[in-house]
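Let me begin by presenting the structure, written as structure tokens, before commenting on it.
The values are calculated or read from the model by the stated rules, or taken from the named source; none is laboratory data. Note that the coordinates shown come from a computational prediction; the quantities given were computed from them, not determined experimentally. We place every Cβ from the backbone using ideal geometry, glycine too, and count neighbours over all the protein chains shown. All accessible areas refer to the heavy atoms of the entire protein, side chains included, with ligands and DNA or RNA removed. Shrake-Rupley method; radii C 1.70, N 1.55, O 1.52, S 1.80 Å.
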Amino acid sequence: MFHLLFVILLSNFVFFKLAEYDPIQLLPEKLAIKLFMFFWAVGLIYLHSKYSEKDFFSFGSILAILPCFVTSNFMSYPVIPIGFALALTIRHQEALQERISWFLVIGMGAFLYWIIKDWYDDFALIRILLLFEVLIFVSIAKAWKEEIKQTVVDGLLLGFLINAVILSIKMFLEPNFSISAYREELFLIPVSLIGSNSFLVLGLAVYSIHLGNRYKNLFYFAVLIFASFLLMISVSRISILSVGLLVFLIMWNQRSNSVKKILLVVGIPVILLYVLFSVYSEKILLDIGTIGIRLSIWKLHFFSTFANAPVFGLGFNPEKIIPFLDVRYLSIADFESVKDYMIHFHTFPLAHNLYFQMLSSVGIVGVIVFFYFVFTFQFRFFKNYNKFSSKEKLLVSVLSIWLVHEFLDFSSLEVANVFFLGMVVVCLWNSTFDRENKKEITNPIFSKLYLTIFFFILLLFSIRFSFVEQSIFRYYKDVQLSAFYEFQPKTNSSLRPLRDMNLELLNNWKVRFLGERYFFLELALAAGSETESDLLVQCFETMPRKELCSANLMAYVIKQQNMENALHMSRYFLSTKDPFGIYTRDFL
């Protein structure tokens, strides 16, 4: 009962954070999230009574965090409840406590290296921790019974359906909403995320359909309908094409001619609907201009990586680093395309391609390791092809099409997609793979040391992220978020009362522990005070993003009087570090 209490409290913590951040609200405010939280708790109690105590220990904590993966995708908080849920699960996972595989050990070493490399960047650390947590989750969940795996998949699909229904209602209640118009500024969800996420949901829903289970199939059918709707309004061309390819493979693999005819009768009108919808939407089916911009960004990622960090890459947030490196290798046309992209979308140049993003993040070594696992998986699959069920073959098709999908998109390290991918791998894992993976470390002391390090990392980042997020909430009236500056002071807000600040103490532990996001928050809060100049000096001494320090120095110099020489020197200094003019154009 205490474990059930912990699970419900963890679930409530997830919903409280969703209510804190959620950009999509229905009237009365937050009612949807409150109802969702209540019914989810009831569902946890029901499953606790349905399954044995041992079974619920093995997966109950995972159910508590499922709303993280279908509701919000941009904030840092999910890595904390996910980590605590995994810790609760590991505590009752004897198999994992006794046997730690070499894959997990090597993974731990790689993640520690990336954490040290990207220590100052919160966004990069979130990507790293999510991958680490999914690695742990797959290691836990692959040992579950099929019934438990399906229960977690059903919970994931139920959460997706509830969120999709709320999102759809909100869209139709919005007076300015048009089904043929893309409105990212209203719903704060990017096209690529909706498209890729809906594609993976479609795969899991089709995989879950059971013959003879009419009521459950109605639920899966509802998931298919809403996933298709979100896919259509995203107008993600590559996602829609991926779904069409998946439908074609499903029809091709049907042995029954009658089933093929039914699928053709249903599938052809749906495909025509997608085509007509795309024709009358804001996007066109084939946009050469968009492809040209992506080619320019891919060249930027490729040449920047090979010129600066070809072996291990630039880190897990390379799009923030690449624009400030040497760009002489780019043609004038490519340079202008990337520059226009950043100015128009007011964002750093994300690769929109999993493979170029991976290359710039983890270098040649990381790409080789990734493709080693992909080819090994495919080899084992085709080697034991007849031992897999038709549904497992379907999921392999989903993963294969997803690999093609990611040539023109990159949303794999968002909270939702990375967990959905992990769940697809868990559904595929069976004894065929386990038999070929017998190398294990069985020393219990080593296993406990591994789990202790994992929990320490979780606790460390729990403190860091919580402190930074609470600081942002505390001073949200004084600063505003900025894509390129992190934070900027609000001109219409009163300056906060400055605290007595020991700069040496801040330099020694606070900045180095809390990272650049917290530092630039402090710098924005100190605007117009005597402390600002000291923090600018500290910025150049401690922060890796010198171009952002230069931009803040430029803003400081402009506000001062009788500093013309310093103004010219600052402008020159900034221009040498800002080839695309991201910051320079603000001061021309």
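Multiplying the sequence separation of ILE291 and PHE370 by 0.36 nm and subtracting their Cα-Cα distance, what value in nm do you get?
25.9 nm
Could you look at the stretch 325-397 and say what percent of its accessible area is carbon and sulfur, using a 1.4 Å probe and all protein chains?
Its accessible area is 68 percent carbon and sulfur atoms.
What accessible surface, in Å², does a 1.4 Å probe find on PHE573, ignoring ligands, DNA and RNA and rounding to the nearest 10?
The accessible area comes out at roughly 80 Å².
Relative to the present Cα-Cα distance, how much length would full extension add between HIS346 and THR542 at 0.36 nm per residue of separation?
Net length gain for the segment: 67.9 nm.
How far apart, in nm, are the 7 Å Cα→Cβ label points at PHE467 and PHE229?
Distance between the two pseudo-spin positions: 4.5 nm.
Can you work out the FRET efficiency for the pair ASN308 and LYS261, with r the C-beta to C-beta distance and R0 = 60 Å, to the nearest 0.05?
Taking R0 as 60 Å, the efficiency between ASN308 and LYS261 is 0.60.
With a 1.4 Å probe and every protein chain kept in, tell me what percent of the accessible surface of the stretch 514-588 is carbon plus sulfur.
Its accessible area is 53 percent carbon and sulfur atoms.
Output wanted: per-residue J couplings in Hz (rounded whole) for the stretch 365-378, from phi through Karplus 6.51 cos²θ - 1.76 cosθ + 1.60, θ = phi - 60°, x for Gly and Pro.
Result, rounded to whole Hz: 4, x, 5, 4, 4, 4, 6, 4, 5, 4, 5, 5, 4, 5.
Return the sequence-ordered ³J(HN,Hα) values of the stretch 296-312 in whole Hz as given by the Karplus equation 6.51 cos²θ - 1.76 cosθ + 1.60 applied to θ = phi - 60°, using x for Gly and Pro.
3J(HN,Hα) across the stretch 296-312, in whole Hz: 5, 5, 5, 4, 4, 5, 4, 5, 5, 5, 5, 7, 10, 8, x, 7, 10.
Enter the Cα centre distance for the pair the stretch 151-174 and the stretch 521-582, rounded to the nearest angstrom.
45 Å
Applying the Karplus parametrisation 6.51 cos²θ - 1.76 cosθ + 1.60 with θ = phi - 60° to the phi angles of the stretch 471-486, what ³J(HN,Hα) value in whole Hz is obtained for each residue in order, glycine and proline being reported as x?
Along the stretch 471-486, the couplings run 5, 5, 5, 5, 10, 5, 6, 9, 10, 10, 5, 9, 4, 9, 9, 6 Hz.
Return the subset of LYS17/LYS145; LYS34/LYS142; LYS216/LYS391 for which the Cα-Cα distance in this structure is over 25 Å, preserving the input order.
LYS17/LYS145; LYS34/LYS142
In square angstrom, rounded to the nearest 10, how much accessible surface does LYS391 have for a 1.4 Å probe?
60 Å²
Taking amide H positions as placed in the peptide plane 1.01 Å from N, state which residues far from TYR475 in sequence (5 or more) or on other chains have amide H under 5 Å from it.
Answer set, sorted by chain and number: none.
Say R0 is 25 Å: what FRET efficiency, to the nearest 0.05, do TRP509 and ILE106 get from their beta-carbon distance?
Approximately 0.20, to the nearest 0.05.
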